[in-house]
Amino acid sequence: MQACERVMDLNALTQFLVVARLEHLSRAADELRVAQPSLSRTIARLEGELGTPLFDRAGRLRLNDAGKLFRGYVERSLGELDAGRRAVAEATKEGFGTVRLASETFLTLTGPLTAFKRDHPAVEVELLWKPAEEMGRHLRAHDVDLCVASQPIASEGLEAVQLFDEAVWVATPRDHPLADRTSMRIDELADQPFVTARKGHWMRRLLDRLFAARNLTPKIVCEGDEPGAIADLISAGLGIGLIPAIARRAVTRAPVAWIAVDDPDCRRTLTLFWGADSQLSNAARLMRSTITSWDWGTDEPR
């Protein structure tokens, strides 16, 4: 009986996390494939056990301060249980291990990922797109093993190593009036149409930050979900855009002109993060070693 109750408790905690993420009972019930009344009773029972509401129910469902506090503990607890399961499977040789890597974009990581799979074909690799602002929480909750970010993230409880720092350039169509320039100031770009990534992506945040520092707002004519297509859209004449230096090697099918930006803050720093208190699996340690030992200048292993 106690074992059954424990399973029910874990199930309730898992359901709570979905409701906390979506802040919507019917959508959470659909995702969990349970009846909404049953899910409501589960949340109410959990709140009864804790002796306090976890959500504000005035109007739209909102996770309250107690719920946010509890969510952090639940994420870490369930993460530890999953890490334990994976560690046992690895120790008993039931599997070769799994590594879960999160990033804002995987285009930069194509080289090390290819090398890793070539050297460790039996390791299962899970790639997850995560916005930078969520990475710290997912690492501390053990939802992912490693994160690669191109912008700062909350580093409390995390360890990190800088992979590389590079300039970010302005790319224009080859026949653009600015194409012959060797460098430009940000204020000279105020009236130019920009092709950029969606809000939250490091490329978009850099553009917004550079313009905001001068009390300017970029003129965005195309906001895409595929950063890898930005050079193609620029080459097609839709506008100009910011593209990191490392991408210059990859941008071959889309001819563009490259112009240096006369601003020391127009740069990208790529950083690898992992949990300071986490016991990384062998697979995760191998992936961390592959990424940290990569020669980003030649796009080959050191």
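What is the log10 of I(q)/I(0) for the chain, computed with the Debye formula using one identical point scatterer on each Cα and no solvent, at q = 0.10 Å⁻¹? The Cα Debye sum returns log10 ratios of -0.71. Ordering Ser235, Ser155 by the number of other Cβ atoms within 10 Å of each residue's own Cβ, fewest first, gives Ser155, Ser235. Karplus-based coupling profile of region 54-67, in residue order and whole Hz: 9, 10, 8, 10, 7, x, 6, 5, 9, 5, 8, 4, 5, x, with θ = phi - 60° in 6.51 cos²θ - 1.76 cosθ + 1.60 and x standing for Gly or Pro. Using label points projected 7 Å from each Cα along Cα→Cβ, tell me how many nm separate Arg21 and Ala260, to one decimal. In this crude label model, Arg21 to Ala260 measures out at 4.5 nm. The chain: longest stretch without exposed GluC sites (Glu not before Pro) (DSSP loop, at most 13 other Cβ within 10 Å), sites themselves excluded? Answer from the scan: 157-302.
When you work out D = kT/(6 pi eta Rh) for region 164-268 at 37 °C and 0.692 mPa s, using the Kirkwood radius from C-alpha pairs as Rh and the Stokes-Einstein form, the result is 244 µm²/s. The value of relative contact order for region 2-73, using C-alpha pairs under 8 Å at least six residues apart, is 27 percent. For Arg198, which sequence-distant residues (separation of 5 or more, or a different chain) have an amide H within less than 5 Å of its own amide H, given hydrogens modelled in the peptide plane? Counting only residues 5 or more places away or on other chains, the set is Gly224.
Relative contact order, whole percent, for the chain stands at 21, derived from Cα pairs under 8 Å and 6 or more residues apart. Taking every DSSP beta bridge that has both ends in the chain, the antiparallel portion is near 60%.
In order along region 104-118, the Karplus-derived 3J(HN,Hα) couplings, from 6.51 cos²θ - 1.76 cosθ + 1.60 at θ = phi - 60°, round to 6, 7, 9, 4, 5, 9, 4, x, x, 5, 5, 5, 4, 5, 5 Hz, and Gly and Pro are given as x. Counted by Cβ distance under 15 Å from Ser183, the other residues give a net charge of -3, where Lys and Arg count +1 and Asp and Glu count -1. Calculated mean residue ellipticity, 222 nm, the chain: -12500 deg cm²/dmol, from DSSP H runs (n ≥ 4) at -39500 (n - 2.57) each, averaged per residue and rounded to 500. Amide H contacts of Leu158: Ala276, each under 5 Å away and 5 or more positions distant or on a separate chain (H built 1.01 Å from N in the peptide plane; Pro and chain starts excluded).
Read-outs throughout are calculated quantities, based only on the coordinates presented, and are distinct from any laboratory measurement. The model shown is predicted, which means the values in this text are computed figures rather than measured ones. Methodologically, a virtual Cβ is constructed for each residue, glycine included, from the backbone with ideal geometry; neighbour enumeration extends over all protein chains shown.
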